[in-house]
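The values are calculated or read from the model by the stated rules, or taken from the named source; none is laboratory data. None of the values given here were measured: they were computed from a predicted structure. A quick note on method: Cβ atoms are made from the backbone with ideal geometry, for glycine too, and the neighbour counts reach across all protein chains shown. With ligands, DNA and RNA removed, areas are computed over all heavy atoms of the protein, side chains included. Shrake-Rupley method; radii C 1.70, N 1.55, O 1.52, S 1.80 Å.
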Amino acid sequence: MSSPIDLDKILSEFGPRFAETADENDAKDRFVFENYKALRQAHVFSALVPGEFGGGGAGHADMCTFLRGLAGYCPATALALSMHQHLVAAAVANHRAGRPGQALLEKVGGGELVLVSTGANDWLDSNGRAERTDGGYRVTATKPFASGAPAGDIIVTSVAHEGANGAEVLHFPLPLKAEGVSLADNWRTLGMRATGSQTVQLDNVFVPDAAIGLRRPRGPFHPAFAVILTVAMPLIMSVYLGVAESAFAIACRQARARRPDAATAILTGELTNRLALARLAVADLVRLVNGYDFRPDAQLASDVLVRKTLAANAVIATAETALQVTGGAGFYRKLGLERLLRDVHGAQFHPLPEKRQQLFTGRLALGLEPVAD
């Protein structure tokens, strides 16, 4: 059994180095290859894997803290890494609950493999199509928002299939080097430009029967999503909290450098309140994970999604208020606030966007199924 990984030491060693290239990577839409290489050498990608499977044995809350700190140096690196970590965390949660997960943990722990998620744009229906063939399926699909794809080893995805019992969704891992898998090289965005969140194209890719980890009806809510949401949202929103905290720090530093008037003091008080709300929402997301001891049901998913919306709105409001506090100086790229403001707006697009969350939560509160037929 390996010793627990020292994430604090890794953050203090790599964080300042990553900060030096953050602006350039953003300006050139360049994926953070060098950062990923360093994190891989430090065994960060296996950090959440239990020690008995060759990993670092870090706790979920510890990883949230690490990602939050890392985002203060390079938000894009932190966000891309959070996508890998949430897949590992889901495997840990499933393994502890007696569900399949060990095989994936052993692969990551044994080979420091980088996982890539495509779930953000799939939700319950998924997209693409799977056609039955000898020994498996032939899959064709377009999967956007695959953060970390340029350096990934395995994509964890899903696809729609018309089975004997009706419409279903198949979930499976797939090597990114498999025949028929390609990257569209289309990640040109407002913010988080260095995450490499490219669209993955699957063109008649063979997926063997043995690779299918989950088969579920297409459309209705499934408890698997409660697992994914519960472990993923604290990790992802911790990144955006780190971005908001950086914006807060810049605004306060700039305000102190000039003689603050009453309006500036009031705005800074508003800024402080907004950041406090973001911190509270993220802290409660972390609390809900409860050391992976939770019951994955629709109510838990709703609780997580509500807090995700609160956190997303609060981090965006924090960054926008930081610009008001800073004034015209914040409009200059050299100050760094402009990039943070662009990056933080990505928070709204992670599942579920606010109105979809409210529909899900509202239906559940009314005693309805959270997703309409």
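Inspect all residues belonging to the range 147-160 and state whether any of them is open to solvent by 20 Å² or more (accessible area, probe 1.4 Å), farther than 30 Å from His60 by Cβ, at pLDDT 95 or above and within 23 Å of the chain's Cα centre (by Cα).
No, that holds for no residue.
Listed here are the residues, each with its yes/no results for (1) open to solvent by 10 Å² or more (accessible area, probe 1.4 Å); (2) of a type outside the set (Val, Ile, Thr); (3) out of contact with any Ser or Thr (no Cβ under 6 Å at 6 or more places or on another chain).
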position: Ala38; (1), (2), (3): no, yes, yes
position: His43; (1), (2), (3): yes, yes, yes
position: Gly51; (1), (2), (3): yes, yes, no
position: Gly54; (1), (2), (3): yes, yes, yes
position: Cys64; (1), (2), (3): no, yes, no
position: Cys74; (1), (2), (3): no, yes, yes
position: Val92; (1), (2), (3): no, no, yes
position: Gly111; (1), (2), (3): yes, yes, yes
position: Val116; (1), (2), (3): no, no, yes
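Mind checking which residues of the range 54-80 are small (Gly, Ala, Ser) and touching a residue at least 60 places away in the same chain (Cβ under 8 Å)?
Filtering the range 54-80 down to residues small (Gly, Ala, Ser) leaves 54-59, 61, 69, 71-72, 76, 78, 80.
Result: Gly59, Ala61, Gly69, Ala71, Gly72, Ala76, Ala78, Ala80.
Of the residues Gly196, Gly191, only one is in contact with a His (Cβ under 9 Å, 6 or more places away or on another chain), at pLDDT 95 or above, closer than 22 Å to Ser82 by Cα and assigned to a loop (DSSP other than H, G, I, E, B); which?
Values: Gly196 fails: in contact with a His (Cβ under 9 Å, 6 or more places away or on another chain).
Only one candidate qualifies: Gly191.
Could you please give the count of residues in the range 121-144 that are at pLDDT 95 or above, open to solvent by 40 Å² or more (accessible area, probe 1.4 Å) and within 30 Å of Arg40 (Cα to Cα)?
1
Any residue in the range 38-53 that is free of Cβ contacts under 8 Å to residues at least 40 places away in the same chain sitting within a Cβ distance under 8 Å of a residue that is buried (at least 24 other Cβ atoms within 10 Å of the Cβ) and of a type in the set (Gly, Ala, Ser)? List the pairs, counting only those 6 or more apart or interchain.
That search, which allows pairs on different chains as well, returns Val44/Gly56.
Go over the candidates Val205, Val181 one by one and state the one that is farther than 27 Å from Ala312 by Cα, touching a residue at least 60 places away in the same chain (Cβ under 8 Å) and open to solvent by less than 60 Å² (accessible area, probe 1.4 Å). Walk me through it before giving the result.
Numbers: Val181 fails: touching a residue at least 60 places away in the same chain (Cβ under 8 Å).
Just a single option satisfies the conditions, and that option is Val205.
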